[in-house]
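Just below is one structure, and these are the notes that go with it.
Each value in this text was obtained by applying a stated rule to the coordinates, not by laboratory testing. Given the structure is predicted, the values throughout are model-derived calculations rather than measurements. Neighbour counts run over all protein chains shown; Cβ positions are idealised from the backbone, glycine included.
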Amino acid sequence: MKLWLSMIIKNEEKNIKKYLYDIYDLFDDVVVVDTWSTDSSIELLNAIWIKAIQYELVHKDERLIEARNFSIEHNTCDWILIMDWDEYISREDIKKIKDMESDCFNHSASGYFIKRLDHRYNDPFEDYKMCLINKNYVRFLFSVHACPQVYIRDNGWTWLWMNGVTLHHYPEVREYKLKYIEQLENWIKENPWCLRFYRFLWYYYFKHDKIPEAISKFKFMIQQSNSRYPVEILNSIMMLSYISYLSWDTIKTFCYISLWLEYYETIKEDFEIKINFRLKKRFVDSQQKLIENPEAIIVPYEFAY
C-alpha cells in the first residue's frame with residue numbers, strides 16, 4: 001500500500017535530524033506544514049528534497065487544528081501516518097504498515113490506533129494514538145490535543161487496532177503553565193459543549209493543586225450524558241476515585257470505582273473504549289480489594305494524569 005507522512009513544524013531543527021532523517025525515504029511522499037519557523041528547519045527539509053508548505057496561525061490561541069486539516073487536504077494518498085516532531089517510528093514498523101495486504105483496508109475502518117510509548121520518564125509509559133488515517137473519512141476537531149474521535153463518532157465510522165507497530169514519543173518534560181489554563185477557560189466560553197476542553201482543564205487544575213476546582217470539573221463531566229465523549233467521562237470518574245483515595249476516603253473511592261464500572265458497561269462497544277480493555281480489570285481488582293480490606297493499597301491507573 002502507499003503511505004504518506006504528514007507533519008506540522010515550527011523550529012524543529014534538532015528533531016528533524018534526530019527522527020525524520022532516518023525514515024523519510026520509506027514514505028511515498030511527505031507533507032510538512034510549517035507555521036513559520038525561524039531556525040534552520042526549512043533548510044534541513046530542503047536538503048532531503050522535502051518542500052514545506054507555509055501556513056500562518058491567525059489566532060494567538062490557535063493550536064494547529066486548522067493546520068492539521070490543511071496538511072491532510074494536501075495529501076493525495078488515501079492512507080496517511082500523522083506524526084509530531086517529538087515522535088519516532090522505526091523503519092521496520094513503517095515497512096510492516098506498507099506491506100499489509102490491501103484487503104485489510106477495504107472495510108469500514110476510517111483509521112487505526114497505534115501503540116505509543118511515552119519516553120519522558122525513566123520507564124516508558126504505554127498509551128495509544130489515532131495516527132494512521134484514511135483521509136477520505138477523517139478530519140480533526142477542536143484545539144486541545146486535536147483528535148478525530150468526535151468526528152468519527154458523529155459520522156458513524158469506526159477505528160481498529162493495529163498490532164505489532166509502535167510509535168515512540170520523546171516529549172520534553174515541561175512545567176504545566178498557568179497560561180494554558182487561561183486558554184482552556186477561554187475555549188470553554190466559546191464552546192461550552194466541548195467536553196474535551198473540560199477534561200484537560202481539570203487535568204491542569206489537578207497539576208496545580210487546585211483540587212476543589214478540579215473536583216467541580218470532574219463532577220460536571222460525569223453528570224453529562226454525552227455519547228461523543230465517553231473516554232473523557234471515564235477519565236473524570238477515574239480521577240475522582242484517585243482524589244478520594246489520596247484523601248483516605250475509602251467509601252467515596254469505592255463508590256467512584258463502582259460508578260466507573262457501571263458506566264463502562266454502558267459504553268463498552270464504543271470503538272475507542274474497546275482498545276482500553278485493560279482498564280476494566282484494574283478497576284474490578286481495585287473494587288474487590290476494597291471489599292476485602294477497606295485499607296487496601298490501590299494502584300491508580302496513570303492514563304488520566
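Fully extending the segment from ASP99 to LYS14, taken as 0.36 nm per residue of separation minus the present Cα-Cα distance, adds 27.6 nm. Farthest toward the positive end of the dipole of the chain, out of ILE42, TYR128, VAL165, is the Cα of TYR128, where the dipole comes from beta carbon charges about the Cα centre. For the chain, the Cβ-based charge dipole about the Cα centre amounts to some 500 debye (Lys, Arg positive; Asp, Glu negative; other atoms uncharged).
Between SER241, SER90, SER110, the GNM of the chain built on Cα springs shorter than 10 angstrom shows SER90 fluctuating the most. Here the Karplus relation 6.51 cos²θ - 1.76 cosθ + 1.60, evaluated at θ = phi - 60°, turns the backbone of segment 255-270 into coupling constants of 5, 6, 4, 5, 5, 4, 5, 5, 5, 3, 5, 7, 10, 5, 8, 4 Hz, with x for every Gly and Pro. Ranked for footprinting exposure by Cβ neighbours inside 10 Å, fewest first, ARG278, ARG116 give ARG278, ARG116. Normalised by 2.2 N^0.38 Å, with N the number of residues, the alpha-carbon radius of gyration of segment 238-305 equals 1.08.
Over all directions, the projected convex hull of the C-alpha atoms in segment 110-245 averages 9.5 nm² in area. For a Förster distance of 41 Å, can you work out the FRET efficiency between the beta-carbons of THR38 and LYS219, rounded to the nearest 0.05? The calculated FRET efficiency here is 0.40. Dipole magnitude for segment 178-304: about 200 debye, using +1 per Lys or Arg Cβ and -1 per Asp or Glu Cβ, origin at the Cα centre. Here, P(r) means the percent of Cα pairs in each 10 Å bin from 0 to the largest distance; for segment 178-304 it is 13, 43, 33, 10, 1. Taking the inverse of the mean 1/r over every pair of distinct Cα atoms in segment 4-169 gives a Kirkwood hydrodynamic radius of 16.5 Å. Computed packing ranks the peptides 75-82, 46-53 as 75-82, 46-53, most packed first, by mean other Cβ atoms within 10 Å. As a ratio to 2.2 N^0.38 Å, the alpha-carbon radius of gyration computed for the chain takes the value 1.06. On the basis of the beta-carbon distance and an R0 of 22 Å, LYS179 and ARG120 show a calculated FRET efficiency of 0.60. Under 24 Å Cα-Cα from LYS189, which lysines qualify once same-chain neighbours fewer than 8 residues away are excluded? Of all the lysines, those that pass the test against LYS189 - Cα under 24 Å, at least 8 places apart if same chain - are LYS60, LYS177, LYS179, LYS207, LYS210, LYS217, LYS219. Working from label points 7 Å from Cα in the Cα-to-Cβ sense, the THR166 to ASP154 distance is 3.6 nm.
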